[in-house]
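Worksheet: one structure, shown below.
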Amino acid sequence: MISTFLVEHSWAVPIVFALLLAGCVLLGTVLLRAGDRGEQVTRWLAAAAVLAALALTLTPAGAQPERTCAVQFAWPSLGGVETLANIALLLPVAYFATLLTRRPVLVAAAASAGSVLIETVQALVPAIGRACDTTDWEMNTIGAVAGALLAWSIIRVRAGLAAAARRRRG
């Protein structure tokens, strides 16, 4: 599955992560300029990001993990494959949702709560073969906050540029 691919190609994970960030910035900039059409596309991208996150976390993995949740609050290696994958999981969800709502704090909080729900389902439904881990929630939340902040910064820069253009015109 995807985790096997990521482990076998761990050198590519930071590159894919950087491309995800660059793609979000580029898409966000274009979508904000596109008006109503951009908002419609952003809505579809947000929905696709949510569906992808759910598919990656709640589809059966084939393994039979323990029925307990690993509770740990150690800071994992930021260059680790699983760490970057967990950060990247909710980053686009929060990014596109913030572009739509212009509410980064609410979006980041909702995405973090969504991660708690995902981890709870993983703990309570052994048939999907997923392991519950508080570190996953922690890294998902970091990704959600990063996505919301990235979108908010693009919104603010764009607003500043528009205000400067209006002042120049008179």
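Odds and ends about this structure:
- For the pair Thr134 and Leu26, label points projected 7 Å from Cα toward Cβ lie 4.0 nm apart.
- Of the residues Leu51, Leu100, Leu20, the one whose Cα sits farthest towards the positive end of the charge dipole of the chain is Leu100 (charges of +1 on Lys and Arg Cβ, -1 on Asp and Glu Cβ, taken about the Cα centre).
- Relative contact order of the chain, defined on C-alpha pairs under 8 angstrom at six or more residues apart (%): 29
- Among Phe96, Phe73, Phe17, sorting on how many other beta-carbon atoms sit within 10 Å of each Cβ, with the fewest leading, yields Phe73, Phe17, Phe96.
- Ranking Val71, Val121, Gln40 by Cα position along the charge dipole of the chain, where only Lys, Arg, Asp and Glu carry charges on their C-beta atoms, puts Gln40 farthest toward the positive end.
- Solitary cysteines of the chain, where the nearest other Cys Cβ is not under 4.7 Å: Cys24
- The longest stretch of the chain left intact once loop-based trypsin sites (Lys or Arg not before Pro) with at most 15 other Cβ atoms within 10 Å are removed from consideration, loops following DSSP, is 103-170.
- For the range 108-170, relative contact order (Cα pairs under 8 Å, six or more residues apart, normalised by length) works out to 32 percent.
- For the peptides 88-94, 135-141, the ranking by packing is 88-94, 135-141, with the highest mean count of neighbouring Cβ atoms within 10 Å listed first.
- Footprinting exposure proxy for Trp152, Trp75 (fewest neighbouring C-beta atoms within 10 Å first): Trp75, Trp152
- The convex hull around the C-alpha trace of the range 2-169, projected and averaged over every direction, spans 10.7 square nanometres.
- The charge dipole of the range 19-170, taken about its Cα centre with unit charges on the Cβ of Lys, Arg, Asp and Glu (plus for the first two, minus for the last two), comes to roughly 1240 debye.
- Counted charge near Ala74, where neighbours are those whose Cβ lies closer than 14 Å (Asp, Glu -1; Lys, Arg +1): -4
Only the coordinates and a few stated rules stand behind these numbers; no lab work does. All of these numbers come straight from a predicted model, not from anything done at the bench. Because the Cβ atoms are built from the backbone with ideal geometry, glycine has one as well, and the counts that use them run over all protein chains shown.
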